[in-house]
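Just below is one structure, and these are the notes that go with it.
The values are calculated or read from the model by the stated rules, or taken from the named source; none is laboratory data. The shown structure was predicted, so the numbers you read here are calculated from the model rather than taken from an experiment. Backbone-built Cβ (ideal geometry, glycine too); neighbour counts: all protein chains shown.
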There are 2 protein chains.
Amino acid sequence: MDKGLLFVISGPSGTGKGTICKELVKTMDIVMSVSETTRAPRDGEIQGKNYFFVTKEAFQTKIQEDGFIEYAEVYGNYYGTPKEFILNKIESGQDVVLEIDFQGALQVKEKFPNGIFIFILPPSMKELRQRIVKRGTESEKSFKERFNNALKEISYIDKYDYCVINDEVECAATKVKTIIEAEHYKVTEEIYSQIYKYKEELLCSTPR
Amino acid sequence: MDKGLLFVISGPSGTGKGTICKELVKTMDIVMSVSETTRAPRDGEIQGKNYFFVTKEAFQTKIQEDGFIEYAEVYGNYYGTPKEFILNKIESGQDVVLEIDFQGALQVKEKFPNGIFIFILPPSMKELRQRIVKRGTESEKSFKERFNNALKEISYIDKYDYCVINDEVECAATKVKTIIEAEHYKVTEEIYSQIYKYKEELLCSTPR
């Protein structure tokens, strides 16, 4: 059986990458990795669905046990992707999508060079600014921090394989789905073994 | 303006890659390169549409003038892809699809490392054999030659980026279309220059 593929989706906060990931999970055979975080839940966020909300101590223990594929400290909070879940899913043939920032993506790339890295861009910086303002959960300080971080995040785009501009969320989600589907047609080692089967078949059926 | 992309489609004869290419040209904004050949036209083949049918002398002159992106001798006949057409189209932002065998594809890959190489596989060798028989244009000798060549052709699949099994031609064409679309979302140098525009915009609009 073919292994599953690992898709990593990043982009500055406010680009709508979370909405795109939700759409993927809803309409494709792909599961989303649930991260662990030490930050406080936002209104409406559910333990085990949006994040596993854990204490700083629990998080640090897991770091020492090498239990994360990647982790990072962002705005004073820890975020990390538990290793076991991803490995099990991929091994069983299930595609997985990770929504993480560029710091995490770079760590994942080291461990999973075969992962597919997709960057979501806002249609413009003006639009990004408006989206962060609209979200309305940011203090003035954290707003500036996020906005400046967007500049840094975007400069890492050359580490990604694909780039999708999110001007309209359904349209952007469709584009990401196209990428996911196309990646399944890549020539891989599984294809080679299929080819050997073809060859044996050929040797048995060549006309004399 | 973005440059066009060059897609190269190969596969053993009888895999239906010609039908797939026709479907692409009919339904997408992509043009097909018309090859020059010294072989005799088959029934129904039109000069300038299926091939430019030329004399051996004319072909050899063009080789000396470096007028081909690739050329090859197959079954005693020359086939070649005129360089000028492809370069003009790509430069003007137009995608181009080339239907050529692995020998030609390897030559194109040297000159266009950014080309996207797609291999079309038959669902099985038994099926391939039936398809060659059905085509009915082959003498017994050329049938054997084509069938043995299929083995050789398939062993070059590792030089290709993608692989699509043609069990049903419309379905296979849709898969190739998905690949073509996804390739347009690849991170490229054009994206970097877009990013610089974002940065300038950001510097003008950062809240103080």
Exercise. So B:Gln130 fits all but one of (1) exposed (fewer than 15 other Cβ atoms within 10 Å of the Cβ); (2) in contact (Cβ under 8 Å) with a residue 40 or more places away in the chain; (3) within 14 Å of another protein chain (Cβ to nearest Cβ); (4) not basic (Lys, Arg); what number is the exception?
Worked result: (2)
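Residues checked against (1) within 12 Å of the chain's Cα centre (by Cα); (2) surrounded by 18 or more Cβ atoms within 10 Å (Cβ to Cβ); (3) closer than 30 Å to A:His184 by Cα:
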| residue | (1), (2), (3) |
| --- | --- |
| A:Phe7 | yes, yes, yes |
| A:Gly48 | no, no, yes |
| A:Phe59 | no, yes, no |
| A:Asp95 | yes, yes, yes |
Problem set entry | All positions within segment B:101-127 that are in contact (Cβ under 8 Å) with a residue 24 or more places away in the chain and not in a helix (DSSP H, G or I) | B:Asp101, B:Phe112, B:Asn114, B:Gly115, B:Ile116, B:Phe117, B:Ile118, B:Phe119, B:Ile120, B:Leu121, B:Pro122, B:Pro123
For this session: Working only within segment A:154-179, note down all residues that are outside any loop (DSSP other than H, G, I, E, B), crowded, with 21+ Cβ neighbours inside 10 Å and more than 7 Å from chain B (Cβ to nearest Cβ).
Result: A:Ala172, A:Ala173, A:Val176
Exercise. Can we say B:Thr188 is among the polar types (S, T, N, Q), more than 7 Å from chain A (Cβ to nearest Cβ) and out of contact with any strand residue (DSSP E or B) (no Cβ under 8 Å at 6 or more places or on another chain)?
Worked result: yes
Exercise. Which members of segment B:14-43 meet the condition of being more than 13 Å from the chain's Cα centre (by Cα), under 19 Å from B:Val108 (Cα atoms) and buried (at least 20 other Cβ atoms within 10 Å of the Cβ)?
Worked result: B:Thr37
Problem set entry | Filter pass, A:Phe53 being modelled with pLDDT of 95 or more, closer than 29 Å to A:Ser142 by Cα and not β-branched (Val, Ile, Thr) | yes
Exercise. Restricting to helices (runs of 4 or more DSSP H) lying wholly in segment B:1-96: which have 3 or more residues that are touching a residue at least 40 places away in the same chain (Cβ under 8 Å)?
Worked result: B:17-27, B:83-91
Problem set entry | Filter pass, B:Ala150 being within 18 Å of B:Ile9 (Cβ to Cβ), at pLDDT 75 or above and within 8 Å of chain A (Cβ to nearest Cβ) | yes
